[in-house]
Structure formats: structure tokens, C-alpha cells
Amino acid sequence: MQRTEEGQTVRLADYRRTDFVLRGVDMTLKLFEGRTEVLTRLSLERRPGAPANAALELDGDELILESIAVDGAILEPGRYDATPESLSVTGLPETGPFELAIETRIAPEDNTKLMGLYRSNGIWCTQCEAEGFRRITYFLDRPDVLAPYRVRIEADRAAAPVLLSNGNPVESGDLGDGRHFAVWDDPFNKPSYLFAVVAGDLDALRDTFLTMSGRTVELGIYTEKGRARQAAYAMDALKRSMAWDERRFGREYDLDVFNVVAIADFNMGAMENKGLNVFNHKYVLLDPDIATDADYAGVETVIAHEYFHNWTGNRITCRDWFQLCLKEGLTVYRDQEFSADERERTVQRIGSVRRLKAHQFPEDQGPLQHPVRPGEYREINNFYTATVYDKGAEVVRMIATLLGEADFRKGMDLYFERHDGEAATIEDFVACFEQAGAVDLSQFALWYAQAGTPTLTVTEAWDPQERRHTVRLRQSLAPGAARTGTEPMVLPIRFGLVGGNGEERRAEGRVAGGARLDGDLIVLDGREATVTFAGLSDRPYLSVLRDFSAPVTLEHDQAEADRLALARLDRNLFNRWRALDDLLSGGLTRAARRPLGDTAPSLDGAVVDALLASAGDEELDPAFRGQVLTLPGEAEIARQLGEGVDPDRVHAVVEDARAVIGRKGLSTFARLAAAEGSDVPFTPDAASAGRRALANAALAYLAAARNDPAEVAARYRSAGNMTDRIAALAILGHRFPQSDASEEALADFYRRYETDELVLDKWFALQATAPFHDALAAVERLAGHPRFTMRNPNRVRALVGSFAASNQVAFHRPDGAGYRFVAEKLVALDRINPQIAARIATTFRAWRSFEAGRRAKLEETLRQIAETKGLSKDLGDIVDRSLK
Ligand code: ZN
């Protein structure tokens with residue numbers, strides 16, 4: 001059954017410009033309780049060369065038209081055709097400018113989709129990307145229609161003393177009757193998806209930033225009443241982001257004000273509206289008692305990301321939504337570089353690669369596969385994906401690797417210079433680097449067009465007679481759901497030859513086949529190549545794909561002894577971590593393949609020893625050692641298994657490994673767990689966070705080894721900050737479910753934090769991810785908890801989303817009850833907020849990789865969702881593609 005007709009598919013190949021050019025937008029929004037009146041004046045002109053009789057076709061979504069006029073004259077009904085989804089106007093001037101005035105009436109109070117203008121805790125706010133502006137007024141709602149905006153907001157002064165929009169404030173005043181107004185002017189051409197309005201009774205944290213050319217920018221972070229001081233770290237991150245973009249990319253901020261607003265009900269992380277970023281309050285509000293180190297890092301990243309969009313996204317935007325990675329992949333690359341510079345590069349890289357493998361690889365290897373630049377979509381909101389964002393960032397990183405720092409910067413400069421003020425394409429972007437680096441990137445551009453994770457196969461041969469080491473490299477790309485090409489791509493492969501004392505060996509390399517050698521980089525652009533290194537005194541260890549220099553699946557038939565040596569010796573710390581990670585996931589996947597009842601240990605003694613040696617090595621950064629102790633997740637093991645997955649088996653194997661490591665490292669873990677006591681005052685810097693991560697990882701191993709909740713409960717009670725408190729609570733709730741210690745701590749946590757929505761989300765999520773079958777009963781109970789609501793995306797994600805995405809054991813209960821629970825919630829959620837429903841539904845996509853019983857139940861559940869009457873385009877698209 002195909003609910004969505006072919007006609008609704010939008011294709012990149014069908015792109016064409018609008019017949020009308022937009023010169024300016026003048027809007028008045030009159031906010032009242034229960035209704036908002038919107039008057040929009042568009043300055044338009046027929047594009048030279050466009051058909052003289054072409055109608056003006058505007059987009060709408062659930063709109064009611066109140067009136068329409070051209071150059072001040074109300075239009076007769078025959079001149080236009082209005083539906084909630086469109087407005088078509090005929091008989092418009094063949095040449096010259098004209099003004100179209102449209103009045104619409106909307107009800108932000110009833111807007112549960114949280115797209116367009118809506119109310120959150122009484123605050124009026126907007127979310128327009130991708131196609132939310134059309135829920136406010138009829139418009140040419142597409143990113144290649146750019147104009148300056150002037151926006152007047154009118155509201156009740158008591159309900160909304162603060163009135164904000166894009167650009168600079170130009171006027172404000174009283175209207176009598178308790179009402180007032182403000183006018184904002186944004187001189188920069190922008191597409192409608194960057195429009196924003198916020199009105200409400202808000203507190204603000206204020207600061208200023210002096211730009212590199214000496215202009216003072218007024219900064220404001222707006223929060224709900226009484227919470228402005230919790231925006232201090234966000235403000236600090238904002239100022240560091242502004243300084244970094246000047247230093248690293250020469251990019252200066254361009255308006256007189258920059259405002260951020262924290263909103264409780266928000267579909268995504270945050271939104272880069274010009275001069276008025278709107279944020280999920282989760283990425284603004286922090287203090288040590290309510291937020292973890294991960295939350296601090298998240299705020300820093302998202303603040304930076306949205307700020308960096310001012311140049312990569314706003315000053316240069318996307319021609320159409322197929323080019324989404326032009327702004328998102330590039331901006332993720334920029335925020336990752338910022339975090340690498342502000343924190344610790346290797347640790348950040350490990351985090352990004354884990355994330356890529358956890359989210360992007362499964363997407364690229366399953367039915368929802370699509371290229372970094374998709375060729376078609378039915379619902380664009382379903383393409384804000386790990387592929388567009390994270391693989392998109394990897395593609396930019398590969399350009400930087402291929403060109404080198406100086407030429408990459410030259411290419412970026414050229415991009416800003418050439419396309420400032422435009423709506424650009426991937427071709428425009430790539431052309432800048434071709435020119436800056438004097439290189440041909442046409443084959444490289446396949447990274448944007450071909451979906452799937454390439455496999456890089458590496459084999460080695462040492463010739464003791466000739467003292468030569470030969471490395472053979474091959475690449476392949478399996479055809480996938482997206483049905484894109486499988487041509488060889490350009491793979492930048494960073495490598496080193498490591499000697500017996502960890503020294504970097506230098507050797508003359510000779511290439512045969514489809515590659516070139518450039519210092520420590522092999523650029524493989526053919527299906528295969530060999531590189532021979534001569535003049536070596538003895539066999540080196542090959543450290544390949546350093547820093548994960550290309551987003552590929554590496555199949556390197558390296559001996560365990562070599563990996564163990566690299567885990568100890570490699571000067572490239574990323575690869576030192578990866579050597580261990582490969583040993584761990586290799587061991588765990590092998591163990592998970594063995595039949596049930598096979599009691600052979602999951603990990604070799606030598607691997608455990610290597611892990612413990614790194615974890616206990618005081619010379620190494622604690623954050624790095626914390627990463628070393630973080631085993632590959634159960635979902636990652638499942639992905640590597642690829643088929644016939646039994647999540648209970650995977651869980652048992654990982655648990656066994658944890659206990660084995662814990663028992664063997666008891667003394668190390670006792671020392672590490674004690675090192676970071678509750679007397680250490682909390683500071684959010686990366687070094688302190690790293691020490692806490694290491695201590696809490698050690699605590700988890702101790703608990704696995706000793707199986708004693710008492711010491712964890714003591715740790716919970718004495719915790720001096722949220723990071724330590726939630727770490728102890730997670731161990732209690734996940735390892736000792738339903739024990740008195742765990743029940744008491746969960747109840748205590750609720751009492752302590754019940755007034756804080758963000759902390760309550762942690763309480764819901766922690767219980768939703770407890771890895772045992774009965775967790776489903778707890779989750780069902782929590783779905784009926786007075787504090788659970790489908791209206792708040794964070795709350796739904798905390799309970800339903802994290803259950804489906806991060807509880808491999810209970811979601812995948814063999815009886816299918818976990819699937820039924822999630823399906824039922826999704827169908828209900830779909831009527832309220834289809835975007836969130838669709839996002840959570842992607843957790844079903846790997847259904848083909850499970851053992852027969854679960855696979856059948858997953859498929860049946862997906863079909864039931866697909867057959868639901870009145871399903872949204874969002875959810876329908878995900879389930880249909882998942883089943884294809
Ligand atoms: Zn973004």
C-alpha cells in the first residue's frame with residue numbers, strides 16, 4: 001500500500017527559479033490571546049523572461065486567508081485561488097514592481113507541531129526551517145528567495161514585555177489599552193526559513209562583544225523568569241565562538257545585536273535565525289547541580305554551531321533543500337574544529353567518530369540510506385540526518401585533508417567572497433576548493449552523490465630478504481537502498497609506520513595502481529593500489545586511517561599482536577584508541593556469534609591487560625583514558641554483526657566483558673574511582689570533566705566486579721554535582737534494578753529535582769534505558785506519570801525515544817511487547833507532532849538485521865504503523881522507506 005503518491009516526491013533534477021522576484025518583506029504580527037493576525041506586504045516583480053501570464057504560486061500550510069490586495073486594491077475572488085496549502089494569484093503586472101498584501105489569521109495556541117508560530121509556556125516563538133514560514137503567511141517559502149525584512153510586533157505589554165525579531169531594533173512604543181509594539185529591521189537578504197519572532201515575559205543575561213574591526217555587539221540570552229544566571233556558560237561559549245570564527249576563518253559578526261532565546265518546547269536542538277537564535281532550553285540552561293559535563297559540552301557545541309551558521313548558512317544559504325549539507329555538514333565541521341581547539345583534539349575526534357559510527361553508519365547501511373546530497377524527498381524534515389550533518393562534515397574534513405590547512409583556508413575565503421549574499425550549491429562550494437588548491441575534485445564530488453559506507457581493505461606483506469613492506473589497499477562500495485553509483489571514490493588515508501619503540505619510521509614509498517603518496521597521506525582513487533616501503537631494518541607496525549581520515553569501514557587483517565603493540569606505542573593517540581577499540585569490538589562480535597551456552601570468555605586476557613594498562617597510565621590524559629574504558633555500545637556490536645542479531649546475547653557478552661575487566665582491574669579501578677572525591681569543587685573545563693569521566697567509568701567497573709550496590713549508593717548520596725550524581729544513579733538503576741538502593745535513589749532524585757523539567761528528563765531517560773526485560777513495565781507506568789506529556793518533545797524523547805534507541809534489551813523483547821508499546825505511542829504522537837514521531841520511528845529501520853523471531857515482529861509492527869489511517873507525511877515516509 002502506497003499512501004503517498006509519486007507526485008509528492010520533490011526532485012533535485014526538477015529545480016527551477018521562481019517566476020517572481022521578491023524585493024522586500026514588511027510584516028505586522030498582532031498577537032492576542034488565542035489568535036494572531038498577520039499582515040504581510042511583499043514587494044514583488046515578475047522576473048525578466050518569465051511568462052507574462054504566469055500565476056504567482058505561494059505556499060501555505062493550514063492557513064486561513066483573510067484578505068488579499070495588489071497595490072492597495074482588494075482582489076476579486078476570480079483573481080486568486082486560496083486553499084489552506086496554497087495561494088495562486090493571476091493577472092499580475094507583466095513588468096515593474098507591485099505590492100501584494102496578504103492577511104492571514106493563525107492560532108499559535110493550537111499549534112502542537114511546533115512549526116511556524118506557537119506558544120511554549122506562554123511565550124510566542126517561531127520555528128521556520130524547513131517549511132514553517134508557510135504556516136504563518138502565504139509565501140514563496142523556499143531558500144533561494146531572499147529579501148530584507150521589516151517586522152512589527154504588537155502585543156499585550158504584561159504578557160509580552162519582550163518583543164524580538166531578526167536584525168536590529170529600530171522602533172518601539174505604546175499603543176494604549178495595555179498594548180505595545182516593537183519594529184525590527186533586518187538589512188541582510190535572507191530566506192524565510194531564517195525568520196523568527198519571540199514575544200513573552202523573559203529574563204535576559206546581557207553582555208557585549210568587541211569585534212575584530214572594533215564594533216560593539218550587544219549580546220542577550222533570554223530565558224524564562226528567574227533562570228538568566230543559568231545562561232552564563234552559554235554566554236561564555238558564545239563569546240569564545242565569536243572570537244574563534246574571527247581567528248580561524250576571519251569571519252566577523254555583522255549586526256548590532258545578537259540574541260539567543262531558550263524555549264522549553266522545541267523540536268530540535270536549536271535554530272540559527274538571523275540575529276535571533278532560538279534554542280531548546282536544554283542547550284542553554286546549566287549549573288553544576290542540574291547539568292552534567294556532557295550537557296556543558298553540548299551547550300558549547302550547539303551555541304558555536306548556531307553562531308557559525310551566521311556565515312555558513314545565513315550570509316551564504318542553500319539554493320534548495322537538496323543542498324542542506326552545504327550549510328549543515330560545513331557548520332558541523334566548523335563546530336567540531338572549534339571544540340577540538342577549545343578542548344582536546346584527540347578526545348573530541350574519538351567522540352565524533354563514535355557518533356558517526358553510532359548514527360550515520362547504520363543509516364548508510366540500512367533502508368533509510370541516502371547520499372549526503374539527496375536526489376529526492378517526500379518530506380524534507382526527514383533529511384536532517386546523521387548523513388547530511390555528520391557525514392557531510394566528514395566530507396568537508398576530507399577536502400581539508402586533501403588540500404592542507406593553507407589551501408583549505410584559501411578555498412573558504414574564496415567561498416565567502418564569491419557567494420556572500422547568495423543561495424549556493426554544492427558545485428559552487430567544491431569549485432572554490434578546486435581553484436584554491438589547483439586540483440580537480442570531480443571524482444571527489446562522488447562523496448556527495450554516492451550513498452553507502454565504502455569498505456577499505458588493507459593487507460600487508462613483509463619481505464625479510466628485501467626488507468620491504470608492501471601494503472595493499474582496495475576499496476569497494478556495496479549497492480544499497482538509495483540505488484546510487486558504486487564508482488571508486490577518493491579516499492585520503494593518513495598513515496604511519498611505527499617502530500618497536502613507538503618511533504615514526506621514515507621509508508621511501510613506491511606506488512603501483514590507483515593511488516598517490518603525499519607525505520603521510522595515501523590518496524586512493526582507484527579500486528586498488530599497492531604501496532611498497534623499502535629500506536626498512538625490520539618489520540614496522542602499520543598505523544592506518546589515522547584520525548579516521550575517511551568515513552569508511554576498515555578491514556585490516558592485522559595480527560592481534562600488532563594491534564596490541566599499536567595500542568601501547570602509536571604516537572597517533574587516536575589510532576592508539578582505535579587499536580584497542582578494534583580489539584574490543586572484534587572480541588565482542590566473535591563472542592556474540594558463538595552459540596548460547598558457550599562460556600568462553602568474550603575477551604582475550606592480553607586485550608584486557610592492554611585496556612587496563614592504558615586506563616591506568618598516568619601519563620595519558622584522563623579524558624582519553626575515560627574513552628578507552630568506554631566499551632563499544634550494544635547497538636554498535638549489533639551493527640557489526642550485521643545479521644541474525646539477538647540483543648539479549650549481545651547484552652550478555654558485553655556484561656560478561658565488563659565483569660571480567662572489572663575483576664582483573666579491581667585495584668586500578670578502586671584507585672581511579674577514589675581519585676575524584678566529592679570534595680573537588682566543580683568547574684566545567686574539559687580537563688576536570690575528563691577526570692570525572694575516568695572516575696565514573698572506574699566506578700561502573702567496580703560495580704560490575706563486586707556486584708555491591710552499597711558503595712554506589714554512598715557515592716550517589718555524597719555526589720557534589722550532577723555528573724557524579726547521575727553516573728551513580730545510572731549504575732544503580734541499570735545494574736541493580738528494583739533493588740532497595742536503586743528505588744530509594746530514584747525516589748530521592750525525583751524529590752530533589754521535580755521542579756526542573758530538564759533534570760526530570762534525565763530521570764525518565766535513565767529508567768527507560770535500564771537493560772532488562774521488565775524495564776518495559778516501568779516505561780509503561782512512566783507513560784502514565786503525571787509529569788509525562790506528548791506535548792513536550794524533550795519529554796517524549798526522554799521516555800519513548802531513548803527506550804527505542806538505547807534500550808536494546810527491553811525494546812527488543814522477544815515477545816515484541818517493546819515494539820508494540822513504541823508503535824502505539826508513535827501513532828498517538830503523530831497526531832500531535834509528526835516530526836518527532838517520524839524521528840523516533842527510525843529506530844525500527846534495522847529490522848532486517850535481527851534473528852527471525854524479532855525480525856518478523858518488527859516487520860509486522862512497521863506494517864501496522866504503515867496501515868494506520870491518516871498517518872502524517874513525515875511518519876508515512878519513514879515507515880514506507882523502512883519497509884522497502
Ligand atoms: Zn545546523
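Points to keep in mind about this one:
- Among the helices (runs of 4 or more DSSP H) confined to region 575-689, the ones with at least 1 residues that are among the aromatic types (Phe, Trp, Tyr) are located at 622-628, 666-675.
- Residue check: Leu286 meets all listed conditions (1) within 16 Å of the ligand (Cβ to nearest atom); (2) out of contact with any His (no Cβ under 7 Å at 6 or more places or on another chain) but one, namely (1).
- For region 611-618, the condition of being outside the structural domain of Gln360 (by TED's automatic domain parsing) and free of Cβ contacts under 8 Å to residues at least 40 places away in the same chain holds for at least one residue.
- Residue check, Leu255 surrounded by fewer than 21 Cβ atoms within 10 Å (Cβ to Cβ) and among the hydrophobic types (A, V, I, L, M, F, W, C): yes
- Selection count where residues are farther than 25 Å from Glu246 by Cα, among the charged types (D, E, K, R) and surrounded by 23 or more Cβ atoms within 10 Å (Cβ to Cβ), scope region 166-225: 0
- Yes/no for Gly421 being in a loop (DSSP other than H, G, I, E, B) and either outside the structural domain of Asp518 (by TED's automatic domain parsing) or away from the ligand (no atom under 16 Å from the Cβ) (or both): yes
- Residue within region 231-239 that is closer than 30 Å to Leu146 by Cβ, within 16 Å of the ligand (Cβ to nearest atom) and either among the charged types (D, E, K, R) or not assigned by TED's automatic domain parsing to the domain that holds Glu405 (or both) present: yes
- For region 304-341, a residue qualifies if it is farther than 30 Å from Asp14 by Cβ and either small (Gly, Ala, Ser) or modelled with pLDDT under 95 (or both), and the qualifying residues are Ala304, Ser339, Ala340.
- Extreme residue, farthest from Ser67 (Cα to Cα), among residues of region 82-99 that are out of contact with any Ser or Thr (no Cβ under 8 Å at 6 or more places or on another chain) and among the charged types (D, E, K, R): Glu94
- Note on region 21-41: residues that are farther than 30 Å from Gly122 by Cβ and either in contact with an Asp or Glu (Cβ under 7 Å, 6 or more places away or on another chain) or modelled with pLDDT under 95 (or both) amount to 2.
- Condition check for Val388: among the β-branched types (Val, Ile, Thr), part of a helix (DSSP H, G or I) and more than 16 Å from the ligand (Cβ to nearest atom): no
- Test: residue in region 683-697 that is buried (at least 18 other Cβ atoms within 10 Å of the Cβ) and over 27 Å from the mean Cα position of the chain (by Cα): yes
- Helices (runs of 4 or more DSSP H) completely within region 773-873 that count 2 or more residues being acidic (Asp, Glu): 817-832, 852-866
- All conditions but one from (1) assigned to a strand (DSSP E or B); (2) within 28 Å of the chain's Cα centre (by Cα) apply to Asp547; the one that does not is (1).
- In region 289-303, the residue that is farthest from the ligand (Cβ to nearest atom) out of those that are among the charged types (D, E, K, R) and not in a loop (DSSP other than H, G, I, E, B) is Asp293.
- Qualifying residue in region 357-378 (condition: at pLDDT 95 or above, crowded, with 24+ Cβ neighbours inside 10 Å, within 15 Å of the ligand (Cβ to nearest atom) and under 30 Å from Phe850 (Cβ atoms)): yes
- Glu306 vs. criteria within 19 Å of the chain's Cα centre (by Cα), within 11 Å of the ligand (Cβ to nearest atom) and assigned to a helix (DSSP H, G or I): yes
- Single residue of region 309-337 satisfying the filter (near the ligand (Cβ under 9 Å from one of its atoms) and among the charged types (D, E, K, R)) that is nearest to Val347 (Cα to Cα): Asp335
- For region 44-80, the set of residues classified as buried (at least 16 other Cβ atoms within 10 Å of the Cβ), under 39 Å from the mean Cα position of the chain (by Cα) and under 30 Å from Lys113 (Cα atoms) consists of Leu56, Leu58, Asp59, Gly60, Asp61, Leu63, Leu65, listed by residue number.
- Some residue of region 244-252 being surrounded by fewer than 20 Cβ atoms within 10 Å (Cβ to Cβ) and in a strand (DSSP E or B): no
- The condition of being among the β-branched types (Val, Ile, Thr) and in contact with a Cys (Cβ under 7 Å, 6 or more places away or on another chain) holds for only one of Val162, Val170, Val198, Val151, that being Val198.
- Of the residues making up region 254-283, those that are within 12 Å of the ligand (Cβ to nearest atom) and part of a loop (DSSP other than H, G, I, E, B) are Met268, Gly269, Glu272, Asn273.
Residue-wise test of (1) part of a strand (DSSP E or B); (2) under 19 Å from Glu394 (Cβ atoms).
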position	(1), (2)
Gln475	yes, yes
Gly480	no, yes
Thr484	no, yes
Pro488	no, yes
Pro492	yes, yes
Leu497	yes, no
Gly502	no, no
Val511	yes, no
Leu524	yes, yes
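The values are calculated or read from the model by the stated rules, or taken from the named source; none is laboratory data. From a predicted model like this one, the values you see are computed outputs, not experimental measurements. Cβ coordinates were reconstructed from backbone atoms using ideal geometry, including for glycine residues, and neighbour counts include every protein chain displayed.
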